[in-house]
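Report on the following structure.
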Amino acid sequence: AEHSMILTETQGPAGIIRLNRPAALNALCNTLTREMAEALRAFDADPAIAAIIVTGSEKAFAAGADIKEMQHLRHPDTYMADFIAESWEAVLTVRKPVIAAVAGFALGGGCELAMMCDMILAADTAKFGQPEINLGIIPGAGGSQRLTRAIGKSKAMEMVLTGRMMSAEEAERAGLVARVVPAAELLAEAVKVAEKIGALSAPAVAMAKEAVNAAFELPLREGVRLERRLFLGLFGTEGQQEGMAAFVEKRKPAFRG
Ligand code: HXC
């Protein structure tokens with residue numbers, strides 16, 4: 001499909017979606033979010049793709065929802081607007097792992113988009129924030145919930161109440177991001193993660209993602225029960241047979257995906 005505000009490419013098993021609206025620091029307007037949703041669905045359906053990377057530019061992952069698009073909205077138009085429609089949360093319905101590779105600004109809806117992904121890799125230049133309060137609004141795509149679960153109440157409260165940005169280093173310390181890497185190596189590091197995932201058993205990968213994500217939805221007992229059912233269900237799969245045989249035979253496993 002032709003896209004005007006994103007670029008897509010593949011590198012091995014990685015499907016890469018680059019947000020590409022440089023004049024507005026990748027502000028997430030209706031067109032951009034719709035195109036991103038289309039690309040996410042296409043990569044999710046492509047059997048050659050094992051993991052999806054969402055990234056932006058050196059300067060900005062995304063500086064938030066498009067303020068110029070929102071400025072004149074009034075309720076109930078807000079309620080009917082695209083930014084609460086499914087495009088915004090398309091990343092949540094993807095079954096393959098989605099890696100946010102964040103350099104520069106990840107603000108407002110940009111930070112929320114990164115947090116909807118399965119993990120965040122940050123360049124040392126990354127800056128995370130929920131500055132909505134400075135606009136007289138509050139986060140609207142999960143920021144108050146996901147940030148609080150990721151970094152705890154005090155830090156989340158300070159960021160959401162004051163709009164203070166967090167550096168990559170602080171974000172790693174707080175548990176928001178998996179790792180910080182030099183900016184020049186960000187995409188290559190994300191592709192390495194995708195390659196590692198691509199060499200594993202696909203059902204195990206899909207169930208691992210489902211199990212970890214359930215930790216955000218379910219009470220502990222239910223989550224552990226779900227994990228156990230998924231775990232038991234993997235016995236007898238090609239992946240489990242091959243993985244365990246390879247260990248016992250002291251060789252590398254060859255998963256068929
Ligand atoms: C629309 C934006 C934008 C945004 C930047 N731009 N962020 N346009 N919506 N969120 C545009 C600017 O208007 C400007 O275009 C161009 O991008 C470059 O931005 P500058 O401000 O000139 O760059 P700089 O001085 O480097 O400052 C960078 C910045 C600042 C600190 C990131 O742009 C900024 O504060 N942006 C807004 C961040 C924000 O408040 N995000 C939350 C949005 S609310 P022109 O044409 O003027 O040169 C939100 C709610 C989510 O996300 C709800 C989800 C449903």
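Derivation of every value follows stated rules applied to the coordinates shown; laboratory data play no part. Treat the numbers as computed from the prediction; the structure is a model and nothing was measured. So basically every Cβ, Gly included, is an ideal-geometry build from the backbone, and we count neighbours across all protein chains shown.
Would you tally the residues in the stretch 30-67 being among the polar types (S, T, N, Q), in contact with a helix residue (DSSP H, G or I) (Cβ under 8 Å, 6 or more places away or on another chain) and either part of a helix (DSSP H, G or I) or under 19 Å from T10 (Cβ atoms) (or both)?
Keep residues of the stretch 30-67 that are among the polar types (S, T, N, Q), which gives 30-31, 33, 55, 57.
Next, only the ones that are in contact with a helix residue (DSSP H, G or I) (Cβ under 8 Å, 6 or more places away or on another chain) stay: 30, 33, 55, 57.
Retained after the next criterion (residues that are either part of a helix (DSSP H, G or I) or under 19 Å from T10 (Cβ atoms) (or both)): 30, 33, 55.
Counting residues in the stretch 30-67 that are among the polar types (S, T, N, Q), in contact with a helix residue (DSSP H, G or I) (Cβ under 8 Å, 6 or more places away or on another chain) and either part of a helix (DSSP H, G or I) or under 19 Å from T10 (Cβ atoms) (or both) gives 3.
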Notebook entry, point to check: Which pairs do you get when a residue that is free of Cβ contacts under 8 Å to residues at least 40 places away in the same chain and within 25 Å of M80 (Cβ to Cβ), found in the stretch 18-33, comes within reach of a residue that is surrounded by fewer than 18 Cβ atoms within 10 Å (Cβ to Cβ) and not β-branched (V, I, T), reach meaning Cβ atoms under 7 angstrom, with the pair 6+ apart or on two chains?
Noted result: T31/S4
Item checked: Total residues in the stretch 71-90, condition in a loop (DSSP other than H, G, I, E, B) and either within 23 Å of A114 (Cα to Cα) or touching a Ser or Thr at 6+ places or on another chain (Cβ under 8 Å) (or both) -> 2
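State yes or no: is M157 more than 16 Å from the chain's Cα centre (by Cα), surrounded by 20 or more Cβ atoms within 10 Å (Cβ to Cβ) and not basic (K, R)? First the steps, then the outcome.
On the way: more than 16 Å from the chain's Cα centre (by Cα): yes; surrounded by 20 or more Cβ atoms within 10 Å (Cβ to Cβ): no; not basic (K, R): yes.
Answer is no for this residue.
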Margin query: Condition check: touching a residue at least 12 places away in the same chain (Cβ under 8 Å) and farther than 14 Å from L200 by Cβ. Does L218 satisfy that?
Written below: no
Margin query: Can you find a residue that is within 27 Å of E86 (Cα to Cα), crowded, with 19+ Cβ neighbours inside 10 Å, in contact with a strand residue (DSSP E or B) (Cβ under 7 Å, 6 or more places away or on another chain) and free of Cβ contacts under 8 Å to residues at least 40 places away in the same chain anywhere in the stretch 125-143?
Written below: yes
Next item on the list: Please state which of the following conditions I67 fails to meet, knowing it meets all the rest: (1) surrounded by fewer than 20 Cβ atoms within 10 Å (Cβ to Cβ); (2) away from the ligand (no atom under 16 Å from the Cβ); (3) among the aliphatic types (A, V, I, L, M); (4) in contact (Cβ under 8 Å) with a residue 60 or more places away in the chain.
Entry: (2)
